[in-house]
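The values are calculated or read from the model by the stated rules, or taken from the named source; none is laboratory data. The structure displayed is predicted, hence computed values, not measured ones. Methodologically, a virtual Cβ is constructed for each residue, glycine included, from the backbone with ideal geometry; neighbour enumeration extends over all protein chains shown. These area figures cover heavy atoms from the full protein model, side chains too; ligands, DNA and RNA do not enter into them. Shrake-Rupley method; radii C 1.70, N 1.55, O 1.52, S 1.80 Å.
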Amino acid sequence: MSPPAMPLAKFVQTLELLTEEAQNSFAQASDADQLDESRVEFLGAKKGRLKLIQKDLAGIENSEKPAAGKSLNATKQAIQQAFDEAKKRLLGDQDKVVRDPKFDATLPGTKFRMGKLHPITQTINELKDIMGRLGFTPAQGPEVEDDYHNFQALNIPMSHPARDPLDNFYLSVAGKHSGAVAAGEEDNPTLMRSQTSTVQIREMERIDPPIRMVSLGRVYRPDTADWSHYPMFHQIEGLMIDKSVTLADLKTVLKLFATSYLGDEVPIRIRPSFFPFTEPSVEADYYWDGKWVEFGGAGIVDPNVLKSVGYDPEKYSGFAFGLGIERLCMIRHQITDIRYLFTNDVRFLRQF
Ligand code: DAH
């Protein structure tokens, strides 16, 4: 028995409809899995719809078979082409990329720009590293501090100008005349810490000597912003407490620190100064670009400070230093205005 007759016109029309359906289906696929489902539906080797229609070829008059075969081949090609295009759209022209001798599949992608750490964070990480190599362990303290840790324990007397409300961000108000102050806060108001020296106290309260700690973090002072000032900035604080620590040890550490950070053999000098929490106190400078640049303050920890944390000043001594991180970062990268660091314009930040 011969198979049921199939008019050529109907066969061709079925093929045209199938082409259109396949093209739509491939174009709509939104990922590789969907595309593969469509491929199986239309081009599947066993039950694909194109394969099924091919069977109708048998019912076509012999004289019309060549035309029908041609139409079938054209349909196959059109559907295959629609599939290839969809694949390229979803997966990229992988073959071409892989054949490219310059292509290295192990390199990171270029479509998305890599994120970067903020230059201050990069500087902090580097300084922490340098101090780590000198045996100083990182420590942290709160940014919201109390008067005791920010001033009293650091031997800063009540009358000292550093405590001026105009020079600090107090969060509660000291003094009996202030209104809503929690019990006990009259003598110990809270403030945003104005220096990282607070962490010296917190660390000495926490552990016994010997201590070699370094603390890097934000400090706050109500300064008007200009090229070298900002109401929030960062400091690095170092503290070493042991038996018979001297100014010579301090100078050695500062020298190694400056040389490690700035790269070359950098001369440093210390000048007499005054800080309530060190005795003697010094100001340290390093020589850079033809001039002496101030590094920060330092000195031998005042016996009163050691006493405030319960250390015996007859037994232990130590040095401390506190340096501004922004200045170190700006010198290294030739940044001329501190405000660039915190405006967070990514076109600026991306350079580092
Ligand atoms: N805390 C001081 C400041 O912010 C800097 C300083 C000076 C820190 C002397 C120290 C030090 O540890 O010993 O100006």
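On the given criteria, is V12 of a type in the set (A, V, I, L, M) and out of contact with any Ser or Thr (no Cβ under 8 Å at 6 or more places or on another chain)? Taking the combined requirement at face value, the residue does not satisfy it.
Residues that are loosely packed, with under 13 Cβ neighbours inside 10 Å and part of a loop (DSSP other than H, G, I, E, B) were ranked within segment 158-176; the one that is modelled with the lowest pLDDT is K176. Taken together, Q200, Q195 contain a single residue that is over 30 Å from D337 (Cβ atoms), at pLDDT 95 or above and in contact with a strand residue (DSSP E or B) (Cβ under 6 Å, 6 or more places away or on another chain), which is Q200.
Annotation: of all residues in segment 27-52 being under 14 Å from T75 (Cβ atoms) and open to solvent by less than 20 Å² (accessible area, probe 1.4 Å), the one that is farthest from the chain's Cα centre (by Cα) is L50. Restricting A105, A9, A45, A58 to residues that are over 30 Å from L341 (Cβ atoms) and either among the β-branched types (V, I, T) or touching a residue at least 12 places away in the same chain (Cβ under 8 Å) (or both) narrows the list to A58.
When each of G324, G299 is tested for being closer than 21 Å to L262 by Cβ and in the same structural domain as S228 (by TED's automatic domain parsing), the lone residue that passes is G324. Within segment 218-239, track down each residue that is surrounded by 17 or more Cβ atoms within 10 Å (Cβ to Cβ) and either within 12 Å of the ligand (Cβ to nearest atom) or of a type in the set (V, I, T) (or both). Passing the criteria: V219, Y220, R221, F233, H234, Q235, I236, E237, G238, L239.
Residues in segment 97-118 include at least one that is modelled with pLDDT of 90 or more and within 24 Å of the chain's Cα centre (by Cα). The strands (runs of 3 or more DSSP E) located wholly in segment 240-352 that include 2 or more residues which are loosely packed, with under 14 Cβ neighbours inside 10 Å occupy 268-275, 291-301.
I'd like to know if segment 18-25 contains one or more residues that are assigned to a helix (DSSP H, G or I), without any contact (Cβ under 8 Å) to a residue 12 or more places away in the chain and either touching a Pro at 6+ places or on another chain (Cβ under 6 Å) or open to solvent by 70 Å² or more (accessible area, probe 1.4 Å) (or both). The answer is yes; a qualifying residue exists.
Looking only at segment 273-317, which residues are on the phi > 0 side of the Ramachandran plot and either touching a strand residue (DSSP E or B) at 6+ places or on another chain (Cβ under 6 Å) or within 13 Å of the ligand (Cβ to nearest atom) (or both)? Across segment 273-317, the qualifying residues are G296, G299. Summed over segment 26-69, residues that are assigned to a helix (DSSP H, G or I) and more than 25 Å from G92 (Cβ to Cβ) total 19.
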